[in-house]
Amino acid sequence: MNNNLITIVIDAMGGDHGPEVTVKAAINSTKNKDIIIILVGDVEKINIELNKYTEKENQFIKVFPSDGV
């Protein structure tokens, strides 16, 4: 793993399709392993989407809980 990783924080609940599209985009973004993505929002809903991918695919994604909208 590169020590010069870029961290990007994203509101996972935003957009018309919520975390389904956001998680998929985050997975695709981390394929080059140069970034870490922190998804902020409803942990349960985000994890439902993350569980559709392997641990290797989502190893550079972290989830941070958020209350409210």
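The values are calculated or read from the model by the stated rules, or taken from the named source; none is laboratory data. Here the structure is a predicted model, which is why all the values come from computation and not from measurement. Backbone-built Cβ (ideal geometry, glycine too); neighbour counts: all protein chains shown. The accessibility values were calculated without ligands, DNA or RNA, using every heavy atom of the protein model including side chains. Shrake-Rupley method; radii C 1.70, N 1.55, O 1.52, S 1.80 Å.
What whole-number value in Å² describes the accessible area per residue of the chain for a 1.4 Å probe?
70 Å²
FRET efficiency for D34 and D67, Cβ-Cβ distance as r, R0 = 35 Å, nearest 0.05?
0.65
Put the Cα centre of segment 1-29 next to the Cα centre of segment 38-67 and the gap is 9 Å. In a simple Cβ point-charge model (Lys, Arg +1; Asp, Glu -1; nothing else charged), segment 30-69 has a dipole of about 220 debye relative to its Cα centre. Ligands, DNA and RNA left out, the 1.4 Å accessible surface of the chain is 51% carbon and sulfur atoms. Rounded to the nearest 20, the size of the Cβ-charge dipole of the chain about its Cα centre is 320 debye, with Lys and Arg at +1 and Asp and Glu at -1. Annotation for N51 and H17: the two label points, set 7 Å from Cα along the Cα-Cβ direction, are 2.1 nm apart.
Note: relative contact order over the chain, using C-alpha pairs below 8 Å and six or more positions apart, is 36 percent.
Computed over the chain, the P(r) curve from all C-alpha pair distances, binned at 5 Å from the origin, holds 4, 18, 32, 25, 13, 6, 1 percent per bin. Taking the longest Cα principal axis of the chain as reference, the axis of helix 19-29 is set at about 10 degrees. Secondary-structure-derived ellipticity at 222 nm for the chain, considering helices only, amounts to -8000 deg cm²/dmol, per-run term -39500 (n - 2.57) for DSSP H runs with n ≥ 4.
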